[in-house]
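The values are calculated or read from the model by the stated rules, or taken from the named source; none is laboratory data. Because the structure is a prediction, the values reported are computed rather than measured. Here the Cβ is made from the backbone with ideal geometry for all residues, glycine too, and neighbour counts use every protein chain on show. Surface areas here come from the heavy atoms of the whole protein model, side chains and all, with no ligands, DNA or RNA. Shrake-Rupley method; radii C 1.70, N 1.55, O 1.52, S 1.80 Å.
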Amino acid sequence: MLFFMHHGRGSRSERSERETWDSGAHRCRRKDATADCDPDGNPFGYLFDAEDTPTHTASQIKQLANEITANAVEPAERDSNLPPVFTYLSQFIDHDLTANTDRDTSLSEIGPEDADLTPLPRDKVLCFLGNLRKGSLGLDSVYGDGPELSLTPEQQEVVQKLQSAMRWMSGPFVGKLRLARPGSKSHQGAVDIPLPADDGIQAADLLRLGNIIGELISADDLRKLPNEMAKIFFVDETLNEPQKARAIIGDMRNDENLIVAQLQTAFIRLHNVIVDWLRSQGMAEDDLFSEARELVRYHYQWLVLNVFLPTICNKHIVQRAINNAAPLYTQFLKQFDGVSHASMPMPLEFSVAAYRYGHSMIRESYDYNRNFGLEANAAPELTFREAFQFTGGGGLNGVNDGNLPADLLIEWVRYVMPIASQPQPSGKTPRRAARKIDSHLNFELNNMVNEENVGVFQRLAERNLRRAQRLNVGTGQQLFKALGSSAYSDLIEAVDTSEIMPPFDNQTPLWLYVLKEAEKKGGDRLGSVGSAIVADTLVGLVINDPKSYWQVKGSQWHPRDGAKPNGFELSSLENLFCATGQI
């Protein structure tokens, strides 16, 4: 099912979580649940039993958050040795796995400046907070086949129209997902970016409402949705004028910044070139879509385990997780009944804290393409704000034709190739590196331009710190102690947190602890606590998913045995973008 919400928005349906909690009508898949709880979605849980997270005041948290985002100008010394694609692949994976931990709800309201930030009882969190994604690395953010929504039959029919619009159901492109041709150039001096020459339509932008309104769906259809969903598709809350720039994709969050939107486009293109490959192998048309979807998932999962994790995490911990069948996540699963591909439980220590390391990797500007980069045909860089404005969430910055301007197509070679292999003209900063994983965030993340909710929700560091305390995920010191008696005990190293302002130096929020230990290791990868949580969870999701490549094809499956679209073995990110015609 499509996921309509954005970071910080309200509930996905009209249902009140508070009313559900008070009513006693609960349903929960935890084996030790004392009440018949009813989390709205798939289950969250905790990897470790721990004492309650210490309570810090809103004022203390704000002061700490301000220290994290204090630098208005980012020094070049904060550049890592990582290509920036890993920043946005991290975000893409997050959106594939989890939804609901960033949104203000009656369970964990953190938006008001004077919100109650006392850690909630863990039983209450688990009875109320549900994951609005499947939790598996299944790309429901691409395919729109996530968990079901609570809708009326009439509303369900509208969602089905949107889902059908996402793919070609007949004709020469049957089996493929729909994309769109970019719009006209929007900046003086900009030059053409080479377009992929497939399908005859040079599809390099996301499918948008303007491409289908009046043909595959009507404005009246969209007005039938619950108000929180319907208003996403309109310019304002009057629901009069459709927002033609709105992307029709499996997860609206993947059109909140331009780079992750272009990554979403790349995965859709990957599906389509695999359809072409399958057709060349003699696959029947009726089977093209499902077979391509399965192959895309297998290759994606393999890349996560074999390329992404060894790059971001301690390699020894990644290998331990693979060799020992993800002992933390596998033990965690024993808390639940009925685990399936469509419902993989998600640890809150992962989703609310450790996996948010990527926020520190975001640059304030990028060498994006030949128009917004070193050549400066339009501007010397793509700024952070522009990356949010030229999206569906930003209304494509007012572009009239409703599609991404052609001068803003990404040139992935600037994001994917190793730093050492990229030309760096003398005297120029290439802006082709991710920022280090450390305890500092880009100053622009203190004023999120596309966030509808004001105040706390526009200040990312403060939002992270408030949410983790309210959801009682524990401190870094608590998790360090717990991991000391785990299968990773000999690989877990202590980190000096004395530089952090009191009282957080001895009671460090897990998210900040993960950033600080990465910083102490040089900032190119996570430290031991962060690596153990991130690697074990992602490996565990693949190993325990009955529909993963690991379960269906065996742990030794390799992309050499999979699809080879346009002749490329999909065993690296570079090859993926070559296969899709984008490098």
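Overview of results
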quantity: Residue ranges of helices (runs of 4 or more DSSP H) in segment 217-285 with at least 3 members of a type outside the set (S, T, N, Q) and open to solvent by 40 Å² or more (accessible area, probe 1.4 Å); calculated: 258-280
quantity: Selection status of Ala468, in contact with a strand residue (DSSP E or B) (Cβ under 6 Å, 6 or more places away or on another chain) and over 15 Å from Lys520 (Cβ atoms); calculated: yes
quantity: Failed condition for Ala165, given (1) over 24 Å from Asp251 (Cβ atoms); (2) at pLDDT 95 or above; calculated: (1)
quantity: Selection count, segment 471-493, where residues are open to solvent by less than 20 Å² (accessible area, probe 1.4 Å) and part of a helix (DSSP H, G or I); calculated: 3
quantity: Criterion violated by Asp32 - all others in (1) part of a loop (DSSP other than H, G, I, E, B); (2) modelled with pLDDT of 65 or more satisfied; calculated: (2)
quantity: Hits in segment 312-334 - residues which are farther than 15 Å from Leu541 by Cα, within 23 Å of the chain's Cα centre (by Cα) and either hydroxyl-bearing (Ser, Thr, Tyr) or open to solvent by 60 Å² or more (accessible area, probe 1.4 Å) (or both); calculated: Lys315
quantity: Residue count, segment 470-491 (criterion: more than 21 Å from Gly358 (Cα to Cα) and among the aliphatic types (A, V, I, L, M)); calculated: 4
quantity: Given (1) open to solvent by 10 Å² or more (accessible area, probe 1.4 Å); (2) out of contact with any Lys or Arg (no Cβ under 7 Å at 6 or more places or on another chain), number of the condition Gly210 does not satisfy; calculated: (2)
quantity: Residue in segment 543-550 that is acidic (Asp, Glu) and farther than 27 Å from Pro84 by Cβ present; calculated: yes
quantity: Matching helices (runs of 4 or more DSSP H) fully within segment 119-206 where at least 3 residues are touching a residue at least 60 places away in the same chain (Cβ under 8 Å), hydrophobic (A, V, I, L, M, F, W, C) and closer than 30 Å to Glu285 by Cα; calculated: 153-165
quantity: Condition met for Asp38 (at pLDDT below 75, among the charged types (D, E, K, R), in contact with a His (Cβ under 6 Å, 6 or more places away or on another chain) and part of a loop (DSSP other than H, G, I, E, B)); calculated: yes
quantity: Residue check for Arg297: in contact with a His (Cβ under 9 Å, 6 or more places away or on another chain), open to solvent by 30 Å² or more (accessible area, probe 1.4 Å), in a helix (DSSP H, G or I) and in contact (Cβ under 8 Å) with a residue 12 or more places away in the chain; calculated: no
quantity: Identity of the residue in segment 145-163, surrounded by 13 or more Cβ atoms within 10 Å (Cβ to Cβ) and closer than 19 Å to His341 by Cβ, that ends up nearest to the chain's Cα centre (by Cα); calculated: Gly146
quantity: In segment 474-504, the residues that are farther than 16 Å from Lys516 by Cβ and of a type in the set (A, V, I, L, M, F, W, C); calculated: Ala482, Ala487, Leu491
quantity: Residue tally, condition over 25 Å from the mean Cα position of the chain (by Cα) and at negative phi, over segment 164-190; calculated: 13
quantity: Pick from segment 433-455, criterion surrounded by fewer than 24 Cβ atoms within 10 Å (Cβ to Cβ) and among the β-branched types (Val, Ile, Thr), ranking: modelled with the highest pLDDT; calculated: Val449
quantity: Per-region count, segment 335-361, residues surrounded by fewer than 24 Cβ atoms within 10 Å (Cβ to Cβ) and either in contact with a Lys or Arg (Cβ under 8 Å, 6 or more places away or on another chain) or in a loop (DSSP other than H, G, I, E, B) (or both); calculated: 9
quantity: From Arg370, Arg414, residue being at pLDDT 90 or above, assigned to a loop (DSSP other than H, G, I, E, B) and among the charged types (D, E, K, R); calculated: Arg370
quantity: Test: residue in segment 73-80 that is modelled with pLDDT under 65, among the β-branched types (Val, Ile, Thr) and more than 23 Å from Glu256 (Cβ to Cβ); calculated: yes
quantity: Filter pass, Thr98 being over 17 Å from Gly41 (Cβ atoms) and either surrounded by fewer than 20 Cβ atoms within 10 Å (Cβ to Cβ) or at pLDDT 90 or above (or both); calculated: no
